[in-house]
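Here's the structure, in structure tokens; my notes come after.
The values are calculated or read from the model by the stated rules, or taken from the named source; none is laboratory data. Values in this document were obtained by computation on a predicted structure and should not be read as measured data. Every residue, glycine as well, gets a Cβ built from its backbone with ideal geometry; the counts of neighbours run over all protein chains shown. The area values use the complete protein model at the heavy-atom level, side chains included, leaving out ligands, DNA and RNA. Shrake-Rupley method; radii C 1.70, N 1.55, O 1.52, S 1.80 Å.
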Amino acid sequence: MSLRHPPEQIRIQLGARSYPILLGEGLLGAPDSWQELLPDASAALIVSNTTVAPLYADALRQELSGRFRSIDLIELPDGEQYKNWETLNRIFDRLIGMHGDRSTVLFALGGGVVGDMTGFAAASYMRGIPFVQVPTTLLAQVDSSVGGKTGINHPRGKNMIGAFYQPHLVLCDLATLQTLPDRELSAGLAEIIKYGPIYDLAFFDWVEANIDRLTARDPAALAHAVKRSCEIKAEVVGLDEREGGVRAILNFGHTFGHAIEAGLGYGKWLHGEAVGCGMVMAARLSAEVCGLDAGFVRRVEELIRRAGLPVRGPALEVDRYLELMRSDKKAQAGEIRFVMVDRPGSAVTRTAPEDVVRQVIADCRIAEVA
Ligand code: NAD
Ligand code: GLY
């Protein structure tokens, strides 16, 4: 099958580790547009989960047949709570069981959980084998499949164990978004909303004006939002692959959000929900510490609410939030560093007085802890 329009292509410029992101409606069914970009490998392992594999694995396997000597499939359990060592080991077990070698390529077919674990498996199996991201959630298409952060969670800290390891190719089929549950669509919108306040005010204005089209899954609106998000992420990652500096701004809302995820237990709140609420907290902190305009803070909060995301945090103790945030990867010598918006469309990473952080959390939680 051929596409109605040729796929959009965005390139991540990282020297020898550069790679394309292909975007298109029905891309998975149009291998002519991407087959020649596949890595030179003889065997393939599709890594997916019990929800996504029944929807898309057969189609992918069919498009890959003829290109690889063998194509295996592993279905992992579905959920953030399975983004851990035990599940990762199942990928290694399968690779060893199928005699996978350095000419085996992994395909991550699913959302960010599958993508992060598959990428980490690819980074570490035989010290590195190629992998292709095939993101099927909005969140994975606009954020997690791009940029090479891979890894798993630790019970005490989100994404604490992992590696920077770039994929060979990212294949974003926008048609897969039509089977996504509403709650997951909203979670992806959180990461789209993120790019505006930190980097591109015009994109923030556009998302604000088009949020109803996005929640209604208007294909043209989703295509624009995914494309612009990938462009921004490609620019930032191209400047700072290993988060020595500017890449940290992509963690806007994540310091609070990761504390929510770990504090409640992984899987209770979706990652995007925690980030959405975390951005409300981070925007308020930005007003207190950087003097961000209160009107803009209200616009951010209202947009997050309209995206169907929570704007009030769970009733964890404030001390518990702080304890969890101290193990954030941006913390230095136990001092928490926050991404803050210093003016609309621009962000910085800096510390904040503890009493101000405590007040912001207390103001943004659902209720007092009994
Ligand atoms: P997810 O991977 O858990 O997927 C969400 C749910 O949607 C799952 O139940 C999944 O089975 C289902 N699903 C996936 N595609 C579907 C489809 N097309 N139709 C129907 N159901 C579908 O969650 P996510 O939001 O995609 O990713 C969150 C993860 O990504 C977190 O672990 C987070 O830490 C990570 N992340 C990583 C990066 C990075 O740079 N590596 C960036 C952001 C987030
Ligand atoms: N999601 C943050 C990053 O990729 O840096």
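Some points to look at:
- Residue in the stretch 334-349 that is open to solvent by 60 Å² or more (accessible area, probe 1.4 Å) and part of a helix (DSSP H, G or I) present: no
- Scope the stretch 133-152; condition in contact with a Ser or Thr (Cβ under 6 Å, 6 or more places away or on another chain) and either part of a helix (DSSP H, G or I) or within 10 Å of ligand 2 (Cβ to nearest atom) (or both); matching residues: 142
- Scanning the stretch 216-227 for residues that are open to solvent by 50 Å² or more (accessible area, probe 1.4 Å) and part of a helix (DSSP H, G or I) gives 219, 220, 224, 227.
- Some residue of the stretch 185-196 being of a type in the set (D, E, K, R), outside any helix (DSSP H, G or I), at pLDDT 95 or above and within 14 Å of ligand 1 (Cβ to nearest atom): no
- You will find that of 201, 214, 222, the residue that is out of contact with any helix residue (DSSP H, G or I) (no Cβ under 8 Å at 6 or more places or on another chain), farther than 16 Å from residue 254 by Cβ and not aromatic (Phe, Trp, Tyr) is 201 and no other.
- Total residues in the stretch 236-272 satisfying the condition of being in contact with a Pro (Cβ under 8 Å, 6 or more places away or on another chain) and buried (at least 22 other Cβ atoms within 10 Å of the Cβ): the figure is 4.
- Test: residue 43 is out of contact with any Lys or Arg (no Cβ under 9 Å at 6 or more places or on another chain) and small (Gly, Ala, Ser): no
- Condition check for residue 121 on (1) within 15 Å of ligand 1 (Cβ to nearest atom); (2) outside any helix (DSSP H, G or I): one failure, at (2).
- As a summary of the residue check, residue 122 satisfies the conditions (1) away from ligand 2 (no atom under 16 Å from the Cβ); (2) open to solvent by 30 Å² or more (accessible area, probe 1.4 Å) except for the one numbered (2).
- Taking first residues from the stretch 28-40 that are free of Cβ contacts under 8 Å to residues at least 60 places away in the same chain and partners that are surrounded by 14 or more Cβ atoms within 10 Å (Cβ to Cβ), the Cβ contacts under 6 Å between residues at least 6 apart in sequence or on separate chains come to 30/3; 31/63; 33/7.
- Only one of the numbered conditions (1) touching a Gly at 6+ places or on another chain (Cβ under 8 Å); (2) within 14 Å of ligand 2 (Cβ to nearest atom) is violated by residue 196, and that is (2).
- Checking each residue in the stretch 153-189 for being open to solvent by 40 Å² or more (accessible area, probe 1.4 Å) and either within 12 Å of ligand 2 (Cβ to nearest atom) or small (Gly, Ala, Ser) (or both) picks out 159, 162, 164.
- Residue selected from the stretch 164-179 under the condition assigned to a strand (DSSP E or B) and within 11 Å of ligand 1 (Cβ to nearest atom), by the criterion farthest from residue 60 (Cα to Cα): 164
- Of all residues in the stretch 163-182, those that are within 15 Å of residue 27 (Cβ to Cβ) have Cβ atoms under 6 Å from Cβ atoms of residues that are within 9 Å of ligand 1 (Cβ to nearest atom) and polar (S, T, N, Q), 6 or more apart or on another chain, in 170/145; 172/141; 176/136.
- Restricting attention to the stretch 253-269, the residues that are within 11 Å of ligand 2 (Cβ to nearest atom) and not in a helix (DSSP H, G or I) add up to 1.
- Extreme residue, nearest to residue 287 (Cα to Cα), among residues of the stretch 208-240 that are of a type in the set (D, E, K, R) and within 12 Å of ligand 1 (Cβ to nearest atom): 233
- Residues being assigned to a helix (DSSP H, G or I) and either among the small types (Gly, Ala, Ser) or open to solvent by 40 Å² or more (accessible area, probe 1.4 Å) (or both) - total across the stretch 302-322: 5
- Pairs, first within 18 Å of residue 142 (Cβ to Cβ) in the stretch 231-245, second among the aromatic types (Phe, Trp, Tyr) and within 11 Å of ligand 2 (Cβ to nearest atom), C-beta under 8 Å, six or more apart: 232/195; 233/195
- Only one entry of 250, 285 meets the criterion of being closer than 17 Å to residue 144 by Cα and in a helix (DSSP H, G or I), and that entry is 250.
- Only residues that are within 30 Å of residue 190 (Cα to Cα) and open to solvent by 20 Å² or more (accessible area, probe 1.4 Å) were counted in the stretch 92-115, giving 1.
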